Every structure is written in C-alpha cells, then in structure tokens.
Amino acid sequence: MNDRQDSSSSGYIVIVDDRPETLQMLSIMLLKQGYKVRQANNPQIALKRIFSDPPDAILLDINMPEMNGFEVCSQIKARPETRDIPVIFMSALDSVADKLEAFSVGGVDYISKPFQLAEVLARVDTHIKLRRSQIHLQEQAKLLQAQNALLQGEICELFSTEHDLYEDLKLAVKQNEFELYYQPLIEFDSEKIYCFETLIRWHHPQRGMISPLDFIPVAEATGIIGEIGKWVISEACRQLSVWTQQFPDHGLSLSVNVSGKQLIDSSLVKHVKQVLAETSIEPHKLKIEITESAVMLDQNIGLDILRQLKNLGTQLYIDDFGSGYSSLNRLYDFPFDGLKIDQSFVRQEKWVLVNAITMLAITLDKDVIAEGIETAAQLETLKILACKNGQGFYFSRPVTAKAATNLINENIKSLES
Ligand code: C2E
Ligand code: MG
Ligand code: MG
C-alpha cells in the first residue's frame, strides 16, 4: 500500500484491490495520465480513506477476503458525502450475476480482468467527467434556486407594496389626500406666464408626499385612475376659474395630464363638459395632455374619446413627444393642437432632435412647447431654434396654488414695469 501520490488536476482516484500487482499496474498507468492515486489493499483501509478524503472515482475489486466489493460499495452509498462518487467494479469473473449485483448496489461500471489499459483509462475518464458535469449542474441548480427564492421575495414585496398602495389610493380619493401643484409655462419673448401645467401630488398620511411617477402606474393598473383623473379636472377647473376672476385680463389657461387608461371610459367626456359648464371656463382654456404612447396606441375607442373632447372645444397636446414611437401618418390625422418636446432632449441638449420636432410642429401649424428647461443657456438655444414657449425648473418648479398665485402677481407686475 502506498501513500497518496502528489499532484494532478485530472482527478483523484482510490484503487481498492487485495492483489499488490493489480494496485501497482493501475497506479502507474493512472499516475502517468496525471491522476492523483491512493491505494488500499483491504476494505477497512479503503473505507477509512474514502470517508476521510472523498475521491472523484473509485476502482473497486469485487473479490477480497474480508469483505467483498459489493459490501464496500453499499457502505459508500449509505453516506450522503460519498453517495455520488462513481464506483467502477473490477473482477476476474465475467459473470452476469456479478454484473447485475454490481449495478444494483450502485456501481456505475464494470471492468473485467485482465484489463485493457486503454479501456480502463477511457472509462475512468468518462465517469470523472460525468461526475464533474453532474456537480456543476447541481451547483447551477442550487444557484438558480437561491436566485429564484430572492426573486420570489422581491415579487411578493412589490406585490404587497402595490397592493397596499391600491388600498390606500381608494381611501385617498375619499379622504381628499391629493393636491394639485402648478408649473408655469412661459412665452419666451414676452416672459409672460400664459399657462400652468397641473401636476398631482399625494399626501399620504403615513408615507408623506408620494410622486405621481410612483402611484399613477398603480392607479392605471387598477382602474382607479378614472376617479382620480376626474378629480384632477374638477380641481384644475375650479382653480382656473378662481384665477380668471382674480386676473381677468391675464388670459391664463391650464393644462392637465390625462392617462391613456382614462380614454376607455366615455363618462370622462360628460364629466369635462359638466365641469366646464359649472365653472364657466372657456373650453379652449383647458388643455389636455396625453402622452405620445397613449395617442399612438391602436385603440379606436381612445381616439374617439379624444375627438369628443376636442369637439367640446378643449385643446389637445401630445406630451413627452419624441420618447415613444409615432406614426407620422397617424399624427397627420390626429386632431391635436400642440406638441410638448420630451424633456430628456432639452436636458441632454440633443438640439438636432429638438430642432426637428420644432420644425415638424411649425410645418403642421401646431404649437410647440419645450419642457425641462433648467439653464439660461438652454433657453437661449431654444429661442434660436424657433421654439417660443416652455417650462422648467429654470423658471419655476411645480408649486402650490398659493405660490402659483404669487407667481402670477409677480409676473403681472414685471410685465407692467
Ligand atoms: P409630465 O406630464 O411630463 O410632467 C413633467 C414632469 O417633469 C413633472 O414631474 C415636473 O415636475 C417635471 N419637471 C418639470 N420641469 C422640470 C425640469 O426642469 N427638470 C426636471 N428634472 N424635471 C422637471 P412630476 O410632477 O413628478 O410628474 C411626473 C409625471 O407624472 C408627469 O410627467 C405625468 O406624466 C404624470 N402626472 C402628473 N400629474 C398627473 C395627473 O394628474 N394625471 C396623470 N394621469 N398623470 C400625471
Ligand atoms: Mg405633462
Ligand atoms: Mg411631459
């Protein structure tokens, strides 16, 4: 019996045989091929070696005096840490019964003596490779399982957050937790505030202010957007009628965002008509912003509702223009009054695109509005590109109705001076 041999990445093999010449011959051959080899000339030593340092494969003699190879194999298979090691049986007997027994106790192969060395090598090599790919697959499966568990957790969390948001949204409508903020739109040449875009805010009783980017998608997915959208229109028109009485000569208009999901319910048209009548607002002072992606959706019912809104006399604007996919043909047929250039183009100073969109709007005889203006330099470039109106933090962030009223007052004063 020799000690475990040095070095090899081909694999580590334990050879168990009571005959020294067999051990010797197999060891030399496997060592030459770069395997690490340990020998055991009796079953007790073999099991001790295998359990203390599990090999990649075992070559196991069947006929040994103290305990035969089948029993050794059964003990190896009984332990989880050695259960999956490939055991290749070796025997001088080429009997069918032995072969059957060998496979029934968990052996993976059976080699008859005298050996063809090339055959032994090929079989050892194949079983080690198979075992390695099995281990690799098991590791991958474990990794996938772990990733899956993580993902499941995230989905549950997301779902329960969205579910909570939905329940809270239902209450928010009843409990009046929404507020409209107003961002001024400026006519560049005169510096006049001629319009405000209304932007919804939600004051959640526990979570504080929630951005529309976080709750509008939930409202859209659950259908509650219909109710919220109607409140927005009522509140916007109420505020506009207050400002119209307060500043009768200023000619202010108001812009509201309408989700594509609101365009499946024709009661929206009735609601707008009723609110306009109740607040005595001239319909063209109400601008409806609908995103490009919603306009381009192939939903006839949505287009029909937009046409009905247009027939009431309101103005239609396509919001975030350039960020979605537009069919020019559809655009040509669509009864819109203006385009709002997607704010990312201004922020990233993609002036070629801004210029192209402005030219398109001018050619179609439509209004064009730049969004997301944050610096004086951006404003100057927009003026050069023949864009006449816009909004952005450079002029003002969205503010409360009270703060917006102050902005109008200041604007009137500065226009007079
Ligand atoms: P939007 O209609 O394109 O509104 C412009 C958004 O850009 C607003 O974000 C505004 O605060 C922000 N913004 C304006 N100027 C600048 C600027 O110079 N720089 C930067 N970085 N941002 C600027 P907000 O208020 O968070 O609204 C986000 C979006 O939520 C809106 O995009 C609109 O699609 C949606 N939304 C807001 N209110 C309503 C609503 O009442 N109904 C519906 N359906 N959607 C709404
Ligand atoms: Mg908008
Ligand atoms: Mg926009």
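In table form, for the structure just shown:
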read-out: Of residues in the range 81-104 being of a type in the set (A, V, I, L, M, F, W, C) and part of a helix (DSSP H, G or I), the one least open to solvent (accessible area, probe 1.4 Å); value: ALA102
read-out: Matching residues, the range 52-63, being open to solvent by 50 Å² or more (accessible area, probe 1.4 Å) and either in contact with a Cys (Cβ under 9 Å, 6 or more places away or on another chain) or outside any loop (DSSP other than H, G, I, E, B) (or both); value: SER52
read-out: Any hit, the range 304-323, residues being under 22 Å from ARG201 (Cα atoms), within 16 Å of ligand 1 (Cβ to nearest atom) and outside any strand (DSSP E or B); value: no
read-out: Residue pairs meeting the criteria (Cβ under 6 Å; at least 6 apart or on separate chains; first farther than 22 Å from GLU197 by Cβ, in the range 313-340; second away from ligand 1 (no atom under 12 Å from the Cβ) and among the hydroxyl-bearing types (Ser, Thr, Tyr)); value: none
read-out: Strands (runs of 3 or more DSSP E) wholly inside the range 141-260 containing at least 2 residues that are open to solvent by 40 Å² or more (accessible area, probe 1.4 Å); value: 178-187, 192-204
read-out: Residue check, ALA78 open to solvent by 20 Å² or more (accessible area, probe 1.4 Å), among the small types (Gly, Ala, Ser) and within 21 Å of TYR35 (Cα to Cα); value: no
read-out: The range 315-333, residues that are closer than 12 Å to VAL295 by Cβ and buried (at least 18 other Cβ atoms within 10 Å of the Cβ); value: LEU316, TYR317, ILE318, ASP319, ASP320, PHE321, SER326, LEU331
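Here's the yes/no breakdown for (1) more than 50 Å from the chain's Cα centre (by Cα); (2) modelled with pLDDT of 95 or more:
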| site | (1), (2) |
| --- | --- |
| GLN5 | yes, no |
| SER8 | no, no |
| ILE15 | yes, yes |
| THR22 | yes, no |
| MET29 | yes, no |
| GLN33 | no, no |
| ALA40 | yes, yes |
| LEU47 | yes, yes |
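The values are calculated or read from the model by the stated rules, or taken from the named source; none is laboratory data. This one's a predicted model, so the numbers in the text were calculated from it and none came from an experiment. Methodologically, a virtual Cβ is constructed for each residue, glycine included, from the backbone with ideal geometry; neighbour enumeration extends over all protein chains shown. What goes into the accessible areas is simple: the full protein's heavy atoms, side chains included, and nothing from ligands, DNA or RNA. Shrake-Rupley method; radii C 1.70, N 1.55, O 1.52, S 1.80 Å.
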